[in-house]
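Please find one structure pasted underneath; my questions will follow.
The values are calculated or read from the model by the stated rules, or taken from the named source; none is laboratory data. Being a predicted model, the structure only gives us computed values, none of them experimental. Positions of Cβ are backbone-derived with ideal geometry, glycine not excepted, and every protein chain shown enters the neighbour counts.
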Amino acid sequence: MFRKRQLLRLLIALILILTGQACCLPSIKIGDAVAPSRDAASDNKLIGKWAKSSSGTRGLDPSGNILNSAYYMSEYTFEQDGSYSFKGEKWAGYIKADEYWMIDESGTYVVAENLLTVIPRKSTSTVKSRAGVLLRRQNNQLEKTSYRWVLHYFAGIDDTNLILQTETETERDGIFGSNDAFPKSYFFSQKYKPDWKFE
């Protein structure tokens, strides 16, 4: 509808110019030539929950010693308004079997082409026993981090991952994932749903 109206005005203007009646041209406001604006965030493919997990080796070594079987689950939630939250749960393994670390963080994020910058405003760690007893709580260092990001489909697992690449590992994200095609990267999925021990 907008395009038809604009073309009609241009046609009328051309006719008036050719017939020598340019003085009768209708006034055209600058706003008429501008298409309605769209909310850029509506096209943001980052919006939603993205999670990952990693775990250590389980079982016994050849000498019969218990191997350290740790795990770390984490999840970003990116909101359309430019805010994000982060949740992590870490168990250090059999060496500290009665300690579970929970990370809660919130802040804002900015996307500029292939660069995602996470700007935390608050980050805390809570340590609980296996029974859920609070052992201690602390504030974390705020890690403002810029990642190169891409969405990549892995046919082998039939899943699209959010891949975050940065030069050094962060305390928030833990150790890098392992993939030769994407070195120094973290791999997050929307299919994976963390099974939190503590909500």
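Can you say whether Leu151 is within 16 Å of Ala51 (Cα to Cα) and either under 19 Å from the mean Cα position of the chain (by Cα) or outside the structural domain of Lys52 (by TED's automatic domain parsing) (or both), as far as the supplied structure shows? Can you show your working first?
On the way: within 16 Å of Ala51 (Cα to Cα): yes; either under 19 Å from the mean Cα position of the chain (by Cα) or outside the structural domain of Lys52 (by TED's automatic domain parsing) (or both): yes.
It is true that Leu151 is within 16 Å of Ala51 (Cα to Cα) and either under 19 Å from the mean Cα position of the chain (by Cα) or outside the structural domain of Lys52 (by TED's automatic domain parsing) (or both).
Mind listing whichever residues of segment 108-147 are closer than 22 Å to Phe78 by Cα and without any contact (Cβ under 8 Å) to a residue 12 or more places away in the chain?
The answer is Ala112, Glu113.
Still on this structure, please answer the following. So which of Ile163, Ile119 ends up being assigned by TED's automatic domain parsing to the domain that holds Tyr84, at pLDDT 95 or above, under 13 Å from the mean Cα position of the chain (by Cα) and within 15 Å of Ser53 (Cα to Cα)?
Numbers: Ile119 fails: within 15 Å of Ser53 (Cα to Cα).
Checking each option against the conditions leaves just Ile163.
I want to confirm something. Restricting to segment 177-197 and keeping residues that are touching a strand residue (DSSP E or B) at 6+ places or on another chain (Cβ under 6 Å) and hydrophobic (A, V, I, L, M, F, W, C), which single residue is farthest from Val111 (Cα to Cα)?
If we take residues in segment 177-197 being touching a strand residue (DSSP E or B) at 6+ places or on another chain (Cβ under 6 Å) and hydrophobic (A, V, I, L, M, F, W, C), then Trp196 is farthest from Val111 (Cα to Cα).
Could you check how many residues of segment 100-116 are over 18 Å from Glu167 (Cβ atoms) and either of a type in the set (S, T, N, Q) or not assigned by TED's automatic domain parsing to the domain that holds Glu167 (or both)?
Within segment 100-116, residues that are over 18 Å from Glu167 (Cβ atoms) and either of a type in the set (S, T, N, Q) or not assigned by TED's automatic domain parsing to the domain that holds Glu167 (or both) number 2.
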